[in-house]
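Chemist: This is the structure I have questions about; it appears just below.
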Amino acid sequence: MTLTLDAPRIVKTAPLVQIRGVNKSYGSVVALRDVAATVYPGEVLGIVGESGSGKSTLLRMMNLEETPDAGSYTLDLPDLDGNLFDLDRFARRMLCATRIGIVYQNPHLGLLMRHSSSGNVAERLLVAGERRFAVLREKAREALAASEFPLERLDAPPIELSGGMQQRVQLAKAIALEPALLLLDEPTTGLDVSVQALVLDTLKRLQRDRHITMVIVSHDLGVIRTLADRVMVMRRGEVVEVGLADQIFQDPQHPYTQQLVHAKL
Ligand SMILES: Nc1ncnc2c1ncn2[C@@H]1O[C@H](COP(=O)(O)OP(=O)(O)OP(=O)(O)O)[C@@H](O)[C@H]1O
Ligand SMILES: [Mg+2]
């Protein structure tokens, strides 16, 4: 057994997520250039960087929604070997449905806006193979309760809910199956400050109580500071710096990180 200084909550070092050499271009736009990322079990990795730096693209890769031009992705889970980018569509879908949860910045990408909130969560359980109606309803209810969604609104469709409530439905859907990896793309952006604080509290509680491994992208360095154990800084498709959150905020090394941190202080 080895120890790492790089992963504060972890004793064993085997990373859950390992991404190496990922490149992705859209026509002449290079979205990701030789990106590597490691996430340890139970930790929260924060990703920051200017608009267009490739953060969402990287998250979509981790959710196997996109395939890079080159690179590898492994998840250290039972029965799972090799480069996940080589999996076919069906295997990807099953893996994402059962082991990876995602909260999109735009709830329209993650939710059926006119179905009931509990139905949105149940749909995820259905895709993973659960067919018993009573179990579906109960598990959906539990996940919504864990996301601090008001249970009297179980039947309300997301389109009738506030932004903060929509994010809670996405979160419930993402955690309904106790994912090994939870991906969050700007989960609090666009919410007003008091609602942001509530969503942040929910995420902190999930982290504390369930030790879910998370990758969170946010423009808001306050959010990253509150949640992340380690921080990865991206610029123009490249990773410019990775470090413990304290180090990144107190002693940033790369000039771009220095600029980013000082601009926000
Ligand atoms: N599907 C796509 N088709 C074409 N170009 C894309 C696509 N997705 C991303 N890009 C481009 O790739 C680059 C990285 O985009 P990405 O959305 O990953 O950035 P981001 O860091 O998430 O930015 P933001 O902070 O604004 O959300 C941008 O130049 C973007 O225009
Ligand atoms: Mg983005």
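The values are calculated or read from the model by the stated rules, or taken from the named source; none is laboratory data. Fair warning: this is a prediction, and the values are worked out from it, not measured in the lab. We place every Cβ from the backbone using ideal geometry, glycine too, and count neighbours over all the protein chains shown. Surface accessibility is based on the protein's heavy atoms, side chains included, excluding ligands, DNA and RNA. Shrake-Rupley method; radii C 1.70, N 1.55, O 1.52, S 1.80 Å.
Chemist: Which residue pairs have Cβ atoms under 7 Å apart, sit 6 or more places apart or on different chains, and have a first residue in segment 173-194 that is among the aliphatic types (A, V, I, L, M) and a second that is in a loop (DSSP other than H, G, I, E, B) and within 16 Å of ligand 1 (Cβ to nearest atom)?
Modeler: Close Cβ pairs satisfying both conditions: LEU183/ASN63.
Chemist: Those residues that are aliphatic (A, V, I, L, M) and open to solvent by 20 Å² or more (accessible area, probe 1.4 Å), I need them from segment 123-138; list them, please. Steps first, answer last, please.
Modeler: Let us first name the residues in segment 123-138 that are aliphatic (A, V, I, L, M), namely 125-128, 134-136.
The answer is LEU126, VAL127, ALA128, ALA134, VAL135.
Chemist: Please determine whether any residue of segment 217-226 is within 25 Å of ASN120 (Cα to Cα) and either under 18 Å from the mean Cα position of the chain (by Cα) or open to solvent by less than 10 Å² (accessible area, probe 1.4 Å) (or both). Walk me through it before giving the result.
Modeler: We begin by selecting, within segment 217-226, every residue within 25 Å of ASN120 (Cα to Cα); these are 217-218.
With the extra rule that they be either under 18 Å from the mean Cα position of the chain (by Cα) or open to solvent by less than 10 Å² (accessible area, probe 1.4 Å) (or both), the set shrinks to 217-218.
Yes: one or more hits.
Chemist: Which one of the conditions (1) modelled with pLDDT of 95 or more; (2) surrounded by fewer than 20 Cβ atoms within 10 Å (Cβ to Cβ) does ALA97 fail to meet, given that it meets all the rest?
Modeler: Against the list (1) modelled with pLDDT of 95 or more; (2) surrounded by fewer than 20 Cβ atoms within 10 Å (Cβ to Cβ), ALA97 comes up short only on (1).
Chemist: Applying the selection to segment 244-265, what residues are free of Cβ contacts under 8 Å to residues at least 60 places away in the same chain and among the aliphatic types (A, V, I, L, M)?
Modeler: Listed by number, the residues that qualify are ILE248, VAL261, ALA263, LEU265.
Chemist: Follow-up. List every residue pair whose Cβ atoms sit under 8 Å apart, with the two residues 6 or more apart in sequence or on different chains, where the first one lies in segment 89-108 and is within 16 Å of ligand 2 (Cβ to nearest atom) and the second, anywhere, is of a type in the set (Ser, Thr, Tyr).
Modeler: Once the first residue is within 16 Å of ligand 2 (Cβ to nearest atom) and sits in segment 89-108, its partners that are of a type in the set (Ser, Thr, Tyr) give GLN105/SER56; GLN105/THR189.
Chemist: Further, regarding this structure: Name the single residue that is most open to solvent (accessible area, probe 1.4 Å) among those in segment 141-189 being of a type in the set (A, V, I, L, M, F, W, C) and in a loop (DSSP other than H, G, I, E, B). Talk me through it step by step, then tell me what you get.
Modeler: Step one: list which residues in segment 141-189 are of a type in the set (A, V, I, L, M, F, W, C), which gives 143-146, 149, 151, 154, 156, 159, 161, 165, 169, 171-172, 174-177, 180-184.
Now drop any that are not in a loop (DSSP other than H, G, I, E, B), which leaves 149, 154, 156, 161, 176-177, 180.
Values: PHE149: 9, LEU154: 11, ALA156: 11, LEU161: 19, ALA176: 19, LEU177: 50, ALA180: 17 Å².
Among them, the one singled out is LEU177.
Chemist: Here's a follow-up. Name the one entry in PHE133, PHE85 that is more than 16 Å from ligand 1 (Cβ to nearest atom), touching a Phe, Trp or Tyr at 6+ places or on another chain (Cβ under 8 Å) and of a type in the set (Phe, Trp, Tyr).
Modeler: Details: PHE133 fails: touching a Phe, Trp or Tyr at 6+ places or on another chain (Cβ under 8 Å).
One residue alone meets the criteria, PHE85.
Chemist: Let me ask something else about it. Just to be sure before I move on: is VAL199 part of a helix (DSSP H, G or I), buried (at least 20 other Cβ atoms within 10 Å of the Cβ) and either at pLDDT below 95 or under 15 Å from the mean Cα position of the chain (by Cα) (or both) in the structure I sent? It would help to see each step written out before you state the result.
Modeler: Details: part of a helix (DSSP H, G or I): yes; buried (at least 20 other Cβ atoms within 10 Å of the Cβ): yes; either at pLDDT below 95 or under 15 Å from the mean Cα position of the chain (by Cα) (or both): yes.
Criteria met by VAL199.
Chemist: What is the residue count in segment 32-59 for residues that are part of a strand (DSSP E or B), over 24 Å from THR226 (Cβ atoms) and open to solvent by 10 Å² or more (accessible area, probe 1.4 Å)?
Modeler: So the answer is 3.
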